[in-house]
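Asker: Dropping the structure in here first, questions after.
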Amino acid sequence: MLACLFDSVSNHTMAKRVKICGITSITDARNATNAGVDALGFVFYPKSSRFVTPEQTAEITASLPPFITTVGLFLNAEASQVEETLNKVSLDLLQFHGHEAPEFCRSFRRPYIKALGTDGLENFAENADQYHDALAILIDSHVLGKAGGTGQTFDWKLLPKNYSKPIILAGGLNPENIAEAIRETSVYALDLSSGVESSPGIKSKAKIDALMREVKHVES
């Protein structure tokens, strides 16, 4: 399934994939998948308001329909935490959001994506090329090593063009600006969290539905 999700095709002609991160309940997961979201993210960073345990995540993922990608987000975690999580819940993809070295990211023998903050865009290729086996690079408005979910956008003109790996855009996306993001960027996928919440960690069905209506409308 992941090979299909990250096939190398023109980003301008393909439908944009959408991931909702910070899922904390079965209800929010079902609302997202029913609306047509492609992937769900689960935050295993204990200081985050969107933190979930592996046991909670296992319960949520067991309720999902087929063909939904499940993503585990880690931020400067110990290897033992990642291993323990993987022993308790089946995840399709790992997402590393901190200062993790390439060797650390690939040590779990799982497909992964690496997040880079906007402070790393000046030397983007140099930074991103270190993660040569990552499936994609996620660019967020957070400062490197922070949890993200700030709700702040950045200048999308700074996004790298024609990079060899798929680019995922995060940071400040919401139903009001998602159409603009799709039209103005050539990213492979869009990643949202706070932009579809009613409160930290609680997703809004109305906002998710509005988001996906905008996505489908701009691509129709």
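Asker: Return the subset of K165/K205; K47/K216; K157/K205; K47/K161; K114/K157 for which the Cα-Cα distance in this structure is over 29 Å, preserving the input order.
Answerer: In this structure, K165/K205; K47/K216; K157/K205; K47/K161 lie more than 29 Å apart at Cα.
Asker: Using 1/(1 + (r/R0)^6) with R0 = 45 angstrom and r between the beta carbons of R30 and E126, what's the FRET efficiency to the nearest 0.05?
Answerer: Once the sixth-power term is evaluated, E becomes 0.60.
Asker: Could you state the principal axis extents of the C-alpha atoms in the range 68-187, from the largest down, to the nearest angstrom?
Answerer: Sorted from largest, the Cα extents of the range 68-187 read 40, 31, 24 Å.
Asker: Next question, about the same structure. Given points 7 Å out from each Cα along the Cα-Cβ axis, report the T53 to S107 separation in nanometres with one decimal.
Answerer: In this crude spin-label approximation the distance works out to 2.6 nm.
Asker: If you wrap a convex hull around the C-alpha atoms of the range 24-116 and split its volume per residue, what is the figure in Å³?
Answerer: 98
Asker: Another question, then. May I ask you to evaluate 6.51 cos²θ - 1.76 cosθ + 1.60, the Karplus curve with θ = phi - 60°, for each residue of the range 40-46 and list the ³J(HN,Hα) values in order in whole Hz, giving x for glycine and proline?
Answerer: Coupling constants for the range 40-46: 10, x, 10, 8, 9, 10, x Hz.
Asker: How large is the charge dipole for the chain, taken about the Cα centre, if only the Cβ atoms of Lys, Arg (+1) and Asp, Glu (-1) carry charge, to the nearest 20 debye?
Answerer: Rounded to the nearest 20 debye, it is 420 debye.
Asker: Taking 8 Å as the Cα distance limit and 6 or more residues as the minimum spacing, I'd like the relative contact order of the chain as a percentage.
Answerer: It rounds to 21 percent for the chain.
Coordinate-derived values only; no laboratory data. Keep in mind it's a predicted model, so treat the numbers as computed, not measured. Heads up, the Cβs are rebuilt from the backbone with ideal geometry, glycines too, and the neighbour counts pull from every protein chain shown.
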